[in-house]
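Report on one structure; see the data block that follows.
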Amino acid sequence: MIEGNSPQQPLTPAVFHILLALADGEKHGYSIMKDVETQTGGKLKMGPGTLYGSIKRMLAASLIEEADERPDPALDDERRRYYRMSDLGQKVLNAESQRLEQAVNIARQKRVLTALIQRSLA
Amino acid sequence: MISSPWIENSRKAYALLLNLYPREYRAEYGTAMRQVFTDQCRSAYQEKSTLGLILLWLRTLPDLGKTALLEHTTSPSASWGLLEPVPNAPLPWKGVFLILLPGLVYLVSQIAQLTGQPWYMTVYYRAAFLLIIPVLVVWGLTRRFPIWGLIPVGLLYRLCQEMGYQWLLMGEFVQTSNPILAAIFKASNLFQRSLFIPDLFLLIAGLFLLWRYVRIRKPTRRFWLWLGVFVLVVAIQLVEDIVWIVISFHGMFGIDEIWPTIESSITWHSFEFTTFLLLILIGTLFTRRHGFFAILIPVGYILPTIVVGMPWQAINPTITIPIISIAVLAYRALLAFIAPLWVSRTGSQAGKNRAVLVTILFALGIHAVMQFSWLWLYPDQGLTPQTAVAIALGEIKLISALILGVVMYQDVAPVVKATGDSPEKSPEMVAEKA
């Protein structure tokens with residue numbers, strides 16, 4: 001069970017996908033944004049306002065932490081702020097993923113997913 | 001790395017638009033947001049050239065507007081000036097405007113008085129009841145007492161004190177068309193047999209707040225000095241009054257017959273002393289949230305003090321009346337406009353002290369001179385030494401109480417939400433927790 005000042009679940013899509021983006025290591029803002037876009041097949045395109053607003057609230061809720069500031073050689077030589085997931089963030093992500101998994105299982109049991117797949121195949 | 005004038009101009013435009021976010025947010029995330037937007041621009045331009053940039057702008061602008069609004073409404077400083085003061089900085093103009101509003105009502109009514117409008121008396125006797133309503137509504141909804149409610153508290157307190165005077169003076173003969181006030185007067189008349197009982201309640205409340213203040217704030221020597229001056233002046237006024245009663249009625253009536261007059265004098269002075277001291281002490285309850293701005297309560301209290309002017313023209317149509325009216329207008333302007341404006345827009349404590357002391361001393365100077373205005377209206381009535389002493393003592397009492405307020409409210413930093421979620425702790429909070 002998640003305690004402390006963690007955000008209420010379900011998480012907002014932006015927060016969930018940012019956590020998911022940070023699941024495989026620390027990233028800077030643009031890198032998080034691109035990762036989220038890839039995860040969602042381009043359906044969730046965050047602007048800088050949404051991205052840093054979410055980051056601010058996630059830092060306040062201790063879901064993520066700031067890592068060292070350094071340049072990204074793939075982009076340019078400007079120093080960038082990197083973020084990584086905290087232990088609490090990991091727990092929240094696990095809990096949210098389980099919640100979604102349960103929801104998907106229920107959807108399967110009720111044949112909602114099957115119907116969707118059939119409809120998309122047809 | 002891709003570069004183009006379109007990208008460069010978009011970057012500059014976005015940097016300008018970042019000014020829509022709150023200052024603290026910009027300081028924290030502005031550079032990173034600009035970097036991310038530049039990266040987005042390069043990517044969009046690489047994929048679809050200028051069209052890509054246009055599509056990016058169409059996506060970015062609503063995001064920018066929505067999140068800027070969100071940051072403004074959720075920022076800890078969003079309520080600064082509207083509900084709370086900004087610590088160690090001039091109050092934003094939105095807050096200054098709201099602070100000035102109640103005083104301006106009185107100032108406008110004074111101007112109306114100069115033009116012979118009779119409704120200024122309605123403002124004088126009724127405005128405090130109406131001005132407190134929005135304050136109570138906002139307090140109830142937000143659980144935070146707004147900074148612009150301090151002057152209305154002083155005004156309302158003054159009105160309640162006036163009603164108390166009337167009740168002490170006339171008891172069951174007080175007439176009012178207001179059913180709520182009538183019920184209060186009727187209930188309070190149950191105590192009328194002993195006037196000391198309400199005085200005692202007020203004194204207990206005053207002593208409790210004094211004890212609380214001394215326990216929490218560890219007062220300085222200046223506090224005891226000005227409290228001493230205030231108590232001494234009240235004591236002198238009381239003794240002088242009793243001596244005058246005894247001398248005036250000596251030989252004409254026995255002590256049993258004089259006693260009710262002496263009792264009435266004690267009750268009167270006691271009421272005035274306790275209510276005034278209570279006003280200053282009530283201000284300390286507001287310093288936790290509003291710091292030195294609590295001084296606006298006594299400012300609101302003395303704001304409607306003088307009510308003379310043009311309507312008296314019927315009695316004495318000389319040049320004296322306009323002069324008195326202008327003096328009263330100056331008094332009102334000092335307290336309603338200059339004092340709150342100066343205090344609000346000054347950042348330092350020393351500056352705020354200066355603003356309050358200069359404006360209040362000027363205003364009380366006018367007040368003192370106005371105490372003699374009846375001599376100009378009725379020159380045939382001479383000024384007795386007793387009257388002059390009584391007026392001087394009254395002014396010293398006012399000044400000492402107000403300086404006491406300045407001493408008590410200064411150097412108390414208002415508690416505000418810091419940039420994180422943990423509020424700073426004031427000495428009051430620490431002591432209360434202990």
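Per-structure values
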read-out: Residues within segment B:199-233 that are loosely packed, with under 14 Cβ neighbours inside 10 Å and over 28 Å from residue B:265 (Cα atoms), tallied; value: 5
read-out: Selection status of residue A:46, in a loop (DSSP other than H, G, I, E, B), touching a helix residue (DSSP H, G or I) at 6+ places or on another chain (Cβ under 6 Å) and within 10 Å of another protein chain (Cβ to nearest Cβ); value: yes
read-out: Residue within segment B:54-73 that is in contact (Cβ under 8 Å) with a residue 12 or more places away in the chain, more than 13 Å from chain A (Cβ to nearest Cβ) and farther than 13 Å from residue A:47 by Cβ present; value: no
read-out: Answer from B:150, B:159, B:107 - the residue that is in a helix (DSSP H, G or I), touching a His at 6+ places or on another chain (Cβ under 7 Å) and not aromatic (Phe, Trp, Tyr); value: B:150
read-out: Selected residue (criterion: modelled with the lowest pLDDT) from residues of segment B:78-103 that are crowded, with 17+ Cβ neighbours inside 10 Å and part of a helix (DSSP H, G or I); value: B:79
read-out: Residue ranges of helices (runs of 4 or more DSSP H) in segment B:365-434 with at least 2 members under 25 Å from residue B:245 (Cα atoms) and either touching a Ser or Thr at 6+ places or on another chain (Cβ under 8 Å) or modelled with pLDDT of 70 or more (or both); value: B:373-377, B:385-409
read-out: Residue, surrounded by the most Cβ atoms within 10 Å (Cβ to Cβ), within segment B:32-42, restricted to residues that are without any contact (Cβ under 8 Å) to a residue 12 or more places away in the chain and closer than 14 Å to residue A:53 by Cα; value: B:36
read-out: Residues of segment B:43-52 satisfying the condition of being in contact with a helix residue (DSSP H, G or I) (Cβ under 6 Å, 6 or more places away or on another chain) and either closer than 19 Å to residue A:50 by Cα or buried (at least 21 other Cβ atoms within 10 Å of the Cβ) (or both); value: B:44
read-out: Of all residues making up segment A:60-73, the number that are in contact with a helix residue (DSSP H, G or I) (Cβ under 9 Å, 6 or more places away or on another chain) and either facing chain B (nearest Cβ under 10 Å) or not polar (S, T, N, Q) (or both); value: 6
read-out: Residue match in segment A:50-59 (condition: over 27 Å from residue B:17 (Cβ atoms) and either touching a helix residue (DSSP H, G or I) at 6+ places or on another chain (Cβ under 6 Å) or within 14 Å of chain B (Cβ to nearest Cβ) (or both)); value: no
read-out: Residue ID - farthest from residue B:92 (Cα to Cα), chosen from residues in segment B:14-30 that are surrounded by fewer than 12 Cβ atoms within 10 Å (Cβ to Cβ) and of a type in the set (A, V, I, L, M); value: B:16
read-out: Residue among B:32, B:27 that is more than 38 Å from the chain's Cα centre (by Cα), in a helix (DSSP H, G or I) and of a type outside the set (D, E, K, R); value: B:32
read-out: Hits in segment B:21-35 - residues which are hydrophobic (A, V, I, L, M, F, W, C) and more than 7 Å from chain A (Cβ to nearest Cβ); value: B:27
read-out: Which listed residue is of a type outside the set (Lys, Arg), without any contact (Cβ under 8 Å) to a residue 60 or more places away in the chain and loosely packed, with under 15 Cβ neighbours inside 10 Å, from B:131, B:141; value: B:141
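This table checks each residue for (1) surrounded by 14 or more Cβ atoms within 10 Å (Cβ to Cβ); (2) closer than 30 Å to residue B:58 by Cβ; (3) at pLDDT 90 or above.
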site: A:20; (1), (2), (3): yes, yes, yes
site: A:38; (1), (2), (3): no, yes, yes
site: A:52; (1), (2), (3): yes, yes, yes
site: A:70; (1), (2), (3): no, no, no
site: A:94; (1), (2), (3): no, no, yes
site: A:102; (1), (2), (3): no, no, yes
site: A:108; (1), (2), (3): no, no, no
site: A:115; (1), (2), (3): no, no, no
site: A:119; (1), (2), (3): no, no, no
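The values are calculated or read from the model by the stated rules, or taken from the named source; none is laboratory data. Fair warning: this is a prediction, and the values are worked out from it, not measured in the lab. Counting neighbours? That spans all protein chains shown, and the Cβs are built from the backbone with ideal geometry, glycine included.
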